[in-house]
1. Output the peptides A:129-135, B:228-234 sorted from most to least packed, where packing is the average of other Cβ atoms within 10 Å over each peptide's residues.
2. How many angstrom lie between the C-alpha centres of the range B:267-299 and the range B:144-172?
3. Summarise the partner chain shielding of B:202-214 as one whole number: the mean count of Cβ atoms from other chains within 10 Å of each residue's Cβ.
4. Over every pair of different alpha-carbon atoms in the range A:1-120, take the mean of 1/r and invert it; report that Kirkwood radius in Å.
5. Can you classify the range A:171-215 as rounded, prolate or oblate using the Cα gyration tensor, where a ≥ b ≥ c are the square roots of its eigenvalues, rounded means a/c under 1.5, and otherwise it's prolate if a/b beats b/c and oblate if not?
6. So what's the projected area for the protein assembly as shown, the Cα convex hull averaged over all directions, in nm²?
7. Once the convex hull of the C-alpha atoms of the range A:91-156 is built, how many Å³ does it hold per residue, rounded to a whole number?
8. If you average the alpha carbon positions of the range A:238-258 and of the range A:136-165, how far apart do those two centres end up, in angstrom?
């Protein structure tokens, strides 16, 4: 028994040590962010704020990124909602109304989730220029919705596949049509899946960089592109940069902290059935 | 196929109204562009008009009492979008990669596999890219699997506060690769002497001078190995979650039976759980490997486009959009696609087969 207790203490030490390493970057961002400007020095990177908590860095970081945070919000909100609606319809049809070839179609759709986007980037840019959706947020929303079809369809399809067909059969006996069954039976049951998909698409689009950097011009840059640019410029002090990085990561971090359960389910869906 | 056609007047009126409305919008937009607040939203409006038109068509389709036809009609917009944006664009990229398009004006002169040939035969940068990708992939997968499995086993010990630890190991997944790259760039600051900072500073103050490192600025090929650290920080939690799912699915009865037979906890992991986790490992390897073949934003933020840390994703981006060498960019993109497809297609096909059997 003592051996078991010792083993448990060892496990705790190991886990805690690892947890500290995992939290180190966040600790550094908070620490630096709250220091006064006079105290910011690379040599004292790890020391505590010594003259009270300051928020100048966060204000300066916010000033740098405010337009881009706004751009990201304008993109992510319609994108997440429309993606979820489309995914829900696709998932319902591909799980409950299978036809010859429907599994093949689903697999072909699913492949779109794994492709490196570099392999479609040149046609995409030229196409978006041709239809004049290049450079601005609406085009980026459209692109995220389309390349989001595979994962949103997958999550909803797996979810609906787990709902028994008894209710649908009962609905059919009562004379409901294909869309009636969706509207009155499946859709009201889908709230958890909508949460998973909206959160997933929100996080993905917020964090995405490649489409954002090639499809938008500077005044419409989402936050990832602006942050990368800020990090590469010599004009911004690193303490402001740390605060800005935390601000840029904050929305998805908050989603994770408060809605982590749903975020995790999206994450696991990406691994197919494992 | 069309067993019955049930005419319902109100729906028919609505359908015709939608179709006409969609057509009027489309015809108007073709001659009058829609500009709101200096933004040309014509194509977006065209898309919406098209969907209105299609909604009318769908209502008429639904009157034919064939659910299969209606299903396909409802799926059609998504299928068409994926067909164009995934498969059509891949085909278009392949065509560009077989041309000599360099410069802003498209040039589709056929040059066969020349772009691919020169990437492999006389392009030192692409050789660096392949070496870096190989280094990154091996380190990243091993790091995630070992740490992920270790964490999953530790968290399987019914310790108090398990949920908090799990939350801590998983939170990096919610942060962008760009933010991760920026923070770790500071943590792994290679400056020495008076300007020493980041993790090196911690090592110095702990007296662990031998651990002070140049991190990703280490001369190649080993510098690339350090870029694995932030990537593992970000994705070992995900691997842990996959393994935890696998461990939980091993029935408690099986474990109890082994215990009754006198197996130690260690033996239970070694001879029962680990062998049962093989499918999880396979999925994890496929997912992690395909991510590492595509790795892009993390390295951009961490390496600031340093050539020593170059990967195909960055080469494609710079050669295409900075160097306007479209043909070469397309060839790199297609090579990335092929490497990912070799990995993922068998996995998808198998997934589809097992489903069809059910």
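1. Numbers: A:129-135: 16.0, B:228-234: 23.0.
Ranked from most to least packed, the peptides come out as B:228-234, A:129-135.
2. Each part's Cα centre sits 15 Å from the other's.
3. The per-residue average across the peptide is 0.
4. 20.6 Å
5. Since a/c reaches 1.5 and a/b is larger than b/c, the shape of the range A:171-215 is classed as prolate.
6. 34.5 nm²
7. Once divided by residue count, the hull of the range A:91-156 is 104 Å³.
8. The range A:238-258 and the range A:136-165 have Cα centres separated by 26 Å.
None of the figures in this text is laboratory data; all of them are computed from the coordinates on show. Just so it is clear, the model here is predicted, and its values are computed rather than measured. As a convention, Cβ positions derive from the backbone with ideal geometry for all residues, glycine included, and neighbour counts pool all protein chains shown.
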